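For reference, the structure discussed in these notes is given below.
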Amino acid sequence: MNFGIAFLHGLIWSVMWGIMITITEIKWPHIFLHDYPKELQAVIKLPPFTNKRPAYIFLTVSFFLIAAFIFWSSINTYKAVEVGFWTIFLHVLVICMCWNVFDLVVMDWLIFCTWKPGFIVLPGSEGNKAYSDYKFHFIGFIKGCGISVIGSIIISVLCYIVLKYLLWQHIGVS
């Protein structure tokens, strides 16, 4: 497995997710309100979410690019050398776990819990102690570990099929 490439691509993937989430949080905070602690959800008062179309277009395009990147990473990294399924799985898992750790440490603990910029602190929740609930985000990280494993299996199966039956066979890699 090429750990260096997987880690580098994991950092790139993390930045891609971080940019998408930050833009969404600034422009359409309603979308990630369900990810806030329940104590905050109960007191936040946002105006009605109107004109959803731009938000959903942005999210669809962003998600497509983010998903395409992880597939590209796995297929491009191993297209010239035949590897087993588990190598591809570990490659994808490293990328997913880079995001999961980045999300916990940078997005949640550093930005959400510690810095608390204005676009994170939503109307009606100013000064609420739930913004500093590090445990809430750690529990999300644990859930994210499970999601990363399941997602990595699915992505790896698809990448392995593409590599084995569409690339390696046709270019004579052995």
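Using the Cβ-Cβ distance between Ile147 and Val106 with R0 set to 25 Å, the FRET efficiency works out to roughly 0.85. What percent do you get for the relative contact order of the chain when only Cα pairs under 8 Å and 6+ apart count? Relative contact order of the chain: 36 percent.
If only the Cβ of Lys and Arg carry +1 and only the Cβ of Asp and Glu carry -1, the dipole of the stretch 48-174 around its Cα centre is close to 200 debye.
Given R₀ = 22 Å, FRET efficiency for Leu65-Lys27 by Cβ-Cβ distance, to 0.05?
0.80
With both labels modelled 7 Å from their Cα along Cα-to-Cβ, the Lys135 to Ile19 distance reads 3.7 nm.
In the stretch 1-115, with Lys and Arg counted as +1 and Asp and Glu as -1 at Cβ, which of these residues, Phe71, Met1, Cys98, has the Cα nearest the positive end of the dipole, that is, farthest along it? Among Phe71, Met1, Cys98, the one farthest towards the positive end of the dipole of the stretch 1-115 is Phe71. With respect to the chain, whose longest principal axis is taken over its alpha-carbon atoms, helix 53-78 is tilted by about 30°.
Report note on the peptides 2-11, 38-47: ranked by the mean count of other C-beta atoms within 10 Å, highest first, their order is 2-11, 38-47.
Each reported figure results from applying straightforward, stated rules to the coordinates on display, with no laboratory input. Predicted model, so just to flag it, every value in this text is computed and none were measured. Virtual Cβ from ideal backbone geometry, glycine too; neighbours counted across all protein chains shown.
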